[in-house]
Amino acid sequence: MIHVVPLVGPSRGLFAGASTLLLGSVPGAPAAPATAVLQAAYRLTPAEARLAQALSSGISLAEAASRFAITAATARSQLKAIFAKTGATRQSDLVRLVAGLAR
């Protein structure tokens, strides 16, 4: 399968100003992409990529904060940064975006 992923914000600079990224996928791939993929595609920090990956796997923000031993306020701050870098405005949008990269 081929997926078209829009590039927004700073991630466009990573790909020479491109507006989209074409990704190939294999059916049956894992539900969330590796954190390295998220970091490269959207210039997320390792902590932001880890949080995005966790949220896309279905756990709540509170569960993720507990799992990564960070405060809820830190998790919310990281989520806001993820939204700014990916162009997502809601957590459900982010989950769809991340799931699209996993395929």
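The values are calculated or read from the model by the stated rules, or taken from the named source; none is laboratory data. Predicted model only: the values in this text are computed from it and were never measured. Cβ: placed from backbone, ideal geometry, glycine included. Neighbour counts: every protein chain shown. Quick note on the areas: whole protein, heavy atoms, side chains included, nothing else; ligands and nucleic acids left out. Shrake-Rupley method; radii C 1.70, N 1.55, O 1.52, S 1.80 Å.
Structural remarks
- Filter result for Ala62 (closer than 15 Å to Ile82 by Cβ, at pLDDT 80 or above and either open to solvent by 50 Å² or more (accessible area, probe 1.4 Å) or part of a helix (DSSP H, G or I) (or both)): no
- Top-ranked residue in the range 83-103 [being modelled with pLDDT of 90 or more and assigned to a helix (DSSP H, G or I); ranked as farthest from Arg43 (Cα to Cα)]: Ser92
- Within the range 29-59, the only residue that satisfies the criterion of being open to solvent by 50 Å² or more (accessible area, probe 1.4 Å), small (Gly, Ala, Ser) and in contact (Cβ under 8 Å) with a residue 40 or more places away in the chain is Ala31.
- Enumeration of residues in the range 65-80 that are assigned to a helix (DSSP H, G or I), closer than 20 Å to Tyr42 by Cβ and either open to solvent by less than 50 Å² (accessible area, probe 1.4 Å) or in contact (Cβ under 8 Å) with a residue 12 or more places away in the chain (or both): Ala75, Arg76, Gln78, Leu79
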